[in-house]
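The block underneath contains the structure these notes are about, expressed in structure tokens.
All of the numbers you see were taken from the coordinates with simple rules; none came from a lab. All of these numbers come straight from a predicted model, not from anything done at the bench. Reconstructed Cβ throughout: ideal geometry from the backbone, glycine too, with neighbour counts over all protein chains shown.
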Amino acid sequence: KFRTMKKILLFLAILCSVSLSNAQVFFSENFEGAIGADGLPASGTWMEFGNSNDGIYMVGTDIDANSAGSWPVPAHTNFMQTNDDACDCDKSQDMIVLPAQDFSSFTGTVQMTVDIFWDDRYGGQVNLIASTDGGSNWSLVSNVSPLLSFWQDNTVFDLTAFNGQSNVLLAFLYDDQGQWGNGFAFDNVVLEHLIIADFTVDVNSGC
């Protein structure tokens, strides 16, 4: 009987302990808005750097991506892309930088969720990188893993390491490693702060 009572009390304690998770989205971009003359979103301060002579990155569709006939990206409305197939140029340092973000007040988990198309069909490399000094120095956040022929929707990158920083630059870096490649595309960027609150109710109160 004593063991049975302990099990009942433990069960009630589990039932009466509740964790509530609230995701605070502080940046999002789906690339469906106005596009500037540089091919980047007109809203926000996006930046691009690289050696390629085709404008580096642009917002476009799957039709734009496959304009040269060898980069068949599945349809995904408008998305950001760097098109190595069409350019066949030096895309060893194609960097697209999100608008600067303030992480100074964050504690707990901060993450990026993004849809990615990176098939690595002809080689190359894609990394998510970050800077906290205005772009003077960059550190690796994560390598981007390839997946042949499919979008990797809702890919998550942990950004918690940058909590407390007031000027966080995040960028995708595409490197064709000196080869003719396909390209890299992404869509639906969301940055969010996950807030978890724990509430424990005294089992003696009957919950």
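Tabulated data for the structure shown
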quantity	calculated
For the stretch 151-197 versus the stretch 109-126, the gap between their alpha-carbon centres in whole angstrom	8 Å
Amide H within-cut-off set for Phe27, under 5 Å, with H built and near neighbours excluded	Leu191
Phi to ³J(HN,Hα) by Karplus 6.51 cos²θ - 1.76 cosθ + 1.60 over the stretch 87-99, Hz, x for Gly, Pro	7, 6, 10, 7, 10, 7, 9, 6, 10, 10, 10, 5, x
Net lengthening on full extension, Gln179/Ser139 (0.36 nm per residue, minus Cα-Cα)	12.0 nm
Length released on extending from Asn167 to Ile63, taking residue separation times 0.36 nm less the Cα-Cα span	33.9 nm
Residues whose placed amide H lies under 5 Å from that of Thr109, excluding near-sequence neighbours	Leu194
Theoretical FRET efficiency, 1/(1+(r/R0)^6), r = Cβ-Cβ of Val25 and Asn127, R0 30 Å, to 0.05	0.80
Projected label distance in nm at Phe49 and Ser149, using a 7 Å step from Cα toward the beta-carbon	3.8 nm
